[in-house]
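Okay, structure first, notes after.
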Amino acid sequence: MRQLQATRIDELKERMTGEVLLPGDEAYESARAIWNAMIDKRPAAIVRCIRTTDVVHAVNFARDHGILLAVRGGGHNIGGSALCDDGLVIDLSRMKSASVDPVARRVTIGAGATLADLDAATQVYGLATPVGINSTTGVAGLTLGGGFGWLSRKHGMTVDNLESAEVVTAAGEVLRASATEHPDLFWAIRGGGGNFGVVTRFAFRLHPVGPDVLAGLIVYPHAEAKVVLKRYREIVAESPDELSVWALLRLAPPLPFLPPEVHGKGIVALALLYAGDPKQGEPLIEPLRRLGTLVGEHVGVQPYTSWQRAFDPLLAAGARNYWKSHNFSTLQDGLFDVVAEYIGSPPSPQCEIFIGALGGATMRPAPDAAAYPHRDARFVMNVHGRWEDPADDMRCVRWARDFFEASAPFANGGVYVNFLTAEEETRVRAAYGPNYERLARVKRHYDPHNLFRINQNIKPS
Ligand SMILES: Cc1cc2nc3c(=O)[nH]c(=O)nc-3n(C[C@H](O)[C@H](O)[C@H](O)COP(=O)(O)OP(=O)(O)OC[C@H]3O[C@@H](n4cnc5c(N)ncnc54)[C@H](O)[C@@H]3O)c2cc1C
């Protein structure tokens, strides 16, 4: 199926307003490049949809001709599910128009938007909805898996703020899903990933945020990691929902606020945002400055959109990546021993361990309020195996896997679906948790033949 028959290509092109890219076309190579350079898939065709009717035609075409189908939002999925070999890719990256109703506090945005596009549209009005911490991530994939970031303790998961979506189903129907329209579909797309159709537009509830917020980094040496993490745990337990503090362990990048002798040395960086009046946040972050021997600090009032981009340089596209993830209900001392040991000898300077603090509003809904089930997760920890040279693949993957195994006894068994790698099929049920069976029933209704299967797949029951 690598080469689609010429007659079929003509049929596809005839109906599309967007481009149809084929192997050999100039733009094909860049269109098949996604965030993780480990992914090297060669689709038979990539359709760059411009409007919902393009998506409908592409879905009908793939279904009627039995062609494998993948859906690409921002292309960030670590396992490379935005692409498929030899099949058709629906690329939504041209569909990113946004409109904001500041009175109703709602944004409607195309499914090809990145977090940067979303934040740019809403911050004009001093409004925002909780999304992730890397601005080049796609709104679509992030939302469909659950979505969390700096605002989540205060305002919940991204799915908790979804009001409605336009969905193209496997039958080629265009449906509006909301609490009152196709509520089963609306429930399923809030955590069930891309299993139920192609979402073309999302409408999110917005909250007053910034536009200036108190945010930044407080940095300690790796030698003090265990002490710092223990005190970090105490502070997070007492923090109000407005304050989010994550811990990042890695070798220090050459940031201007760190003394040169620290560059390249192991650090624990506490990354924080206060989602409220910066004056009220100041005294709350003061204790974070007294956890050990401070090696650097860069905290201040800055535009929310700047902080949303703060980690982009460390997480730029084009590196080789292998990530593993666990959810935690508590952080135990034994975990800190494992973290300190592994980050003490990373196999590449870009490898890191991220501990993201959830809790707050993310834990208040019932586990079956939406398909996203992990209302018991106070922390999500990711090990980011990240490097440049393919010759280092084995070494770096092994390090991430070993750390993952060593930290497993302290985890709660749940995992965020958006952080699963391609070969973790055995963890798919843990990702959907107790909601799996209900998801399988909704899947049977909307996609009985599993057309949408290049994802963390739910089999139609
Ligand atoms: C650097 C980095 C930082 C991250 N930070 C965070 C974070 O802070 N918080 C967080 O919650 N997650 C985070 N993630 C995880 C992120 O949520 C997932 O990688 C997510 O899959 C990205 O969505 P995407 O649209 O960019 O990806 P894609 O690879 O384009 O899409 C992923 C999958 O989602 C489905 N999909 C995408 N678009 C659609 C659509 N319109 N309709 C139907 N299905 C669709 C498809 O199954 C697709 O395979 C991060 C990932 C990376 C790489």
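The values are calculated or read from the model by the stated rules, or taken from the named source; none is laboratory data. Just so you know, these numbers come straight off a predicted model, no measurement behind them. Counting neighbours? That spans all protein chains shown, and the Cβs are built from the backbone with ideal geometry, glycine included. For accessibility, only protein heavy atoms count, side chains too; no ligands or nucleic acids. Shrake-Rupley method; radii C 1.70, N 1.55, O 1.52, S 1.80 Å.
Counting only residues that are open to solvent by 30 Å² or more (accessible area, probe 1.4 Å) and out of contact with any helix residue (DSSP H, G or I) (no Cβ under 9 Å at 6 or more places or on another chain), which one in the stretch 76-89 is nearest to the ligand (Cβ to nearest atom)?
Filtering first and then ranking leaves ASP85.
When you go through (1) more than 24 Å from the chain's Cα centre (by Cα); (2) closer than 28 Å to ALA223 by Cα one by one for VAL301, which number turns out not to apply?
Tallying (1) more than 24 Å from the chain's Cα centre (by Cα); (2) closer than 28 Å to ALA223 by Cα, VAL301 fails exactly one: (2).
Condition (residue is within 20 Å of ALA361 (Cβ to Cβ) and among the hydrophobic types (A, V, I, L, M, F, W, C)) applied to the stretch 245-267: is it met by at least one residue?
Yes, some residue in the stretch 245-267 is within 20 Å of ALA361 (Cβ to Cβ) and among the hydrophobic types (A, V, I, L, M, F, W, C).
How many residues are under 19 Å from GLY191 (Cα atoms), of a type outside the set (A, V, I, L, M) and part of a loop (DSSP other than H, G, I, E, B) when one looks only at the stretch 338-386?
11
Assuming ARG289 fulfils every condition listed in (1) basic (Lys, Arg); (2) open to solvent by 40 Å² or more (accessible area, probe 1.4 Å); (3) within 16 Å of the ligand (Cβ to nearest atom) apart from one, which condition is it?
Exception for ARG289: condition (3).
Among the candidates GLY192, GLY149, which residue alone is within 11 Å of the ligand (Cβ to nearest atom), under 30 Å from GLU437 (Cα atoms) and touching a Gly at 6+ places or on another chain (Cβ under 7 Å)?
One residue alone meets the criteria, GLY149.
Here is a list of conditions, (1) of a type in the set (S, T, N, Q); (2) in contact with a Pro (Cβ under 7 Å, 6 or more places away or on another chain); (3) not in a helix (DSSP H, G or I), and THR330 meets all of them except one; can you say which number that is?
Exception for THR330: condition (2).
Right, VAL227: assigned to a strand (DSSP E or B), among the β-branched types (Val, Ile, Thr) and touching a residue at least 12 places away in the same chain (Cβ under 8 Å) or not?
Values: assigned to a strand (DSSP E or B): no; among the β-branched types (Val, Ile, Thr): yes; touching a residue at least 12 places away in the same chain (Cβ under 8 Å): yes.
No; evaluated as a whole, the condition is false for this residue.
May I ask you to verify whether GLY73 is within 11 Å of the ligand (Cβ to nearest atom) and on the phi > 0 side of the Ramachandran plot?
Answer is no for this residue.
Count, please, the residues in the stretch 351-364 that happen to be more than 12 Å from ALA400 (Cα to Cα) and either in contact with a strand residue (DSSP E or B) (Cβ under 9 Å, 6 or more places away or on another chain) or without any contact (Cβ under 8 Å) to a residue 24 or more places away in the chain (or both). Lay out the reasoning, then the answer.
Filtering the stretch 351-364 for residues more than 12 Å from ALA400 (Cα to Cα) gives 354-364.
Filter again for either in contact with a strand residue (DSSP E or B) (Cβ under 9 Å, 6 or more places away or on another chain) or without any contact (Cβ under 8 Å) to a residue 24 or more places away in the chain (or both), leaving 354-360, 363.
Adding up the residues that qualify gives 8.
If the requirement is being within 12 Å of the ligand (Cβ to nearest atom) and open to solvent by 50 Å² or more (accessible area, probe 1.4 Å), which of these qualifies: LYS41, LYS13, LYS96?
On inspection, the qualifying residue turns out to be LYS96.
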